[in-house]
Amino acid sequence: MHVAPPCPRRYMRPMLDTNTNRPELPPEIARRRTFAIISHPDAGKTTLTEKFLLYGGAIQMAGQVRAKGEARRTRSDFMKMEQDRGISVSASAMSFDFGKYRFNLVDTPGHSDFSEDTYRTLTAVDAAVMVIDGAKGVESQTQKLFEVCRLRDLPILTFCNKMDRESRDTFDIIDEIQENLAIDVSPASWPIGMGRDFMGTYDLLNDRLELMDRADRNVVAETIEINGLDDPKLAEHVPEHLLEKFLEEVEMAKELLPTIDPQSVLEGHMTPIWFGSAINSFGVQELMQGIANYGPEPQPQQASPRTIAPEEKKVAGFVFKVQANMDPKHRDRVAFMRLASGHFKRGMKLTHVRSKKPMAVSNPVLFLASDRELAEEAWAGDIIGIPNHGQLRIGDTLTEGEMIRATGIPSFAPELLQVVRAGDPMKAKHLEKALMQFAEEGAAKVFKPNIGSGFIVGVVGALQFEVLASRIELEYGLPVRFEQSQFTSARWILGDKDEVEKLVNSNKQHIAHDNDGDPVFLTRLQWDIDRVERDYPDLTLSATKEMMV
Ligand code: G4P
């Protein structure tokens, strides 16, 4: 077994403020925790979210966030979920209170094909909760999402779920996380028994037993304070056949695994792990307390020409997600903005930095589980929804006047290109409108070739074509079909305007424009790209385009 080097410190109780190296934040900001859950499908993200909301008082009964049906993640159901904007919208960003803390949980769309959206979501959070299935360990999608978190040095808290089922050896699970994800793991709790024998955990941070009520899924576990592992109370509660192994394991864990180091967690080098069973509501509150304690509080936002600090008095925020047609009766859209600084009040006039125009934000919304509410105010760390008619795009920054732009919101290179055609050729204009909307949402890249008619759509995963076709039909009443395109690669042409024009004019059959009107070079041959780069050394053919103009 591979384990991290022994650490001389003993387990300690969590400090209430782990952000001691940063200037003190106003209490309203300091109490905010904005995070996402990352996991492989089926590990228990939905169940855990539901329990968070339950303990956060945002829903009365478990079961409300869950889409119905046995095959929730089959293609058709996934699309149904996407089409049912109610569900996906209420799940996009949810706010609820836990003790003195305000949690903002930002949903990461679960499907692997929707990775682009997922990645962008992670730019709006300060931490991630990684849920793994105790029987399966680190799975492919978890690993992929973890790598994205690592790019941003996001703190990660781990929840090892489904301990009520036969699961892997605890050391093996920890070892796998350490090896596959190259991160130190510090146990915050330790399971007692597993599968049928799983009876609860030992809370290493607070020296107490948490015992699960197997009969009632929504009953809070029984807590028994103990005084170290020699406490005779242990034998009163843990059956003999489990006790010996448990004591041996915890002794070994204390010796071999590092104790929790809040600073290291904050820097993304260490993840505390809790063991539990989301479906039995077990271990969830301890995890929530962990989020509160190790959070962290809202972090500074990378921006140009300077970083934005959350404690700044003036409001600044950036759009990381746009969702259209939330209300089928209106063609409005909601831009999800993460507040990077300040204290926002409803009705504030902010500057839309890209257009340099003022924008009154009079109907911002907050999402409380299934309800949306008008947001009278919001603080750095919060996510608010801003209804608009298309002015707000992904990557946009709103400020109180300063020309500053949030950076680091990624745009991915489309890997698959297809031509889209309307079933009814007379409806080309409608199709254009629908495509522009999806391009603005960041759901696809849309290119209009200079020669010929029709549009080319670029996506990251093949399933996106099906989802788009289904949404265009549902939301615009327009059946469409996707066909193979003669092109396989798209490159944005960046550089001096005259040079760009020269290239555009002498390669007309390869040129298209994206939804912002920016020129794109389309081809199926790497040779073509090499040729252009050789002939136009001052131009760059880029696989991605920064979201901001
Ligand atoms: P996901 O969002 O990560 O995809 O996972 P989700 O919460 O939907 O959970 C996937 C399946 O795992 C669900 O079963 C759920 O009930 C089950 N599950 C979640 N947490 C636990 C746990 O702690 N223990 C056990 N034993 N199972 C758990 P399903 O059969 O797919 O759906 P359902 O019929 O239960 O709704």
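The table below gives the values:
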| read-out | value |
| --- | --- |
| Condition check for G452: at positive phi and either open to solvent by 50 Å² or more (accessible area, probe 1.4 Å) or polar (S, T, N, Q) (or both) | yes |
| Only one of I260, I291 that is open to solvent by less than 10 Å² (accessible area, probe 1.4 Å), more than 21 Å from the chain's Cα centre (by Cα) and touching a residue at least 60 places away in the same chain (Cβ under 8 Å) | I260 |
| Number of the condition not met by E240 [criteria: (1) open to solvent by 20 Å² or more (accessible area, probe 1.4 Å); (2) closer than 16 Å to R196 by Cα; (3) in contact (Cβ under 8 Å) with a residue 40 or more places away in the chain] | (3) |
| Filter pass, R491 being among the charged types (D, E, K, R), in contact with a strand residue (DSSP E or B) (Cβ under 8 Å, 6 or more places away or on another chain) and farther than 24 Å from T118 by Cα | no |
| Single condition K321 does not satisfy, out of (1) open to solvent by 10 Å² or more (accessible area, probe 1.4 Å); (2) away from the ligand (no atom under 16 Å from the Cβ); (3) not in a strand (DSSP E or B) | (3) |
| Complete set of residues in region 163-174 that are surrounded by fewer than 21 Cβ atoms within 10 Å (Cβ to Cβ) and within 18 Å of L48 (Cβ to Cβ) | R165 |
| Pairs with Cβ under 7 Å, 6+ apart, first in region 489-513 and polar (S, T, N, Q) and assigned to a helix (DSSP H, G or I), second surrounded by fewer than 14 Cβ atoms within 10 Å (Cβ to Cβ) and at pLDDT below 95 | Q509/I451 |
| Test result for K313, of a type in the set (K, R), part of a strand (DSSP E or B) and under 25 Å from A360 (Cβ atoms) | no |
| Qualifying residue in region 271-285 (condition: in a helix (DSSP H, G or I) and away from the ligand (no atom under 16 Å from the Cβ)) | no |
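Condition check ((1) at positive phi; (2) open to solvent by less than 30 Å² (accessible area, probe 1.4 Å); (3) modelled with pLDDT of 90 or more; (4) within 16 Å of the ligand (Cβ to nearest atom)) across all residues:
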{"position": "E176", "(1), (2), (3), (4)": "no, no, yes, no"}
{"position": "P187", "(1), (2), (3), (4)": "no, yes, yes, no"}
{"position": "G195", "(1), (2), (3), (4)": "yes, yes, no, yes"}
{"position": "G200", "(1), (2), (3), (4)": "yes, yes, yes, yes"}
{"position": "D203", "(1), (2), (3), (4)": "no, yes, yes, no"}
{"position": "N206", "(1), (2), (3), (4)": "no, no, yes, no"}
{"position": "E210", "(1), (2), (3), (4)": "no, yes, yes, yes"}
{"position": "T223", "(1), (2), (3), (4)": "no, no, no, no"}
{"position": "A235", "(1), (2), (3), (4)": "no, no, yes, no"}
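The values are calculated or read from the model by the stated rules, or taken from the named source; none is laboratory data. Just so we're clear, the structure is a prediction, and the values are computed from it rather than from any experiment. Here Cβ is always computed from backbone atoms with ideal geometry, including for glycine, and neighbour counts include all displayed protein chains. When the accessible area is computed, the model is the full protein with side chains, heavy atoms only, and any ligands, DNA or RNA have been set aside. Shrake-Rupley method; radii C 1.70, N 1.55, O 1.52, S 1.80 Å.
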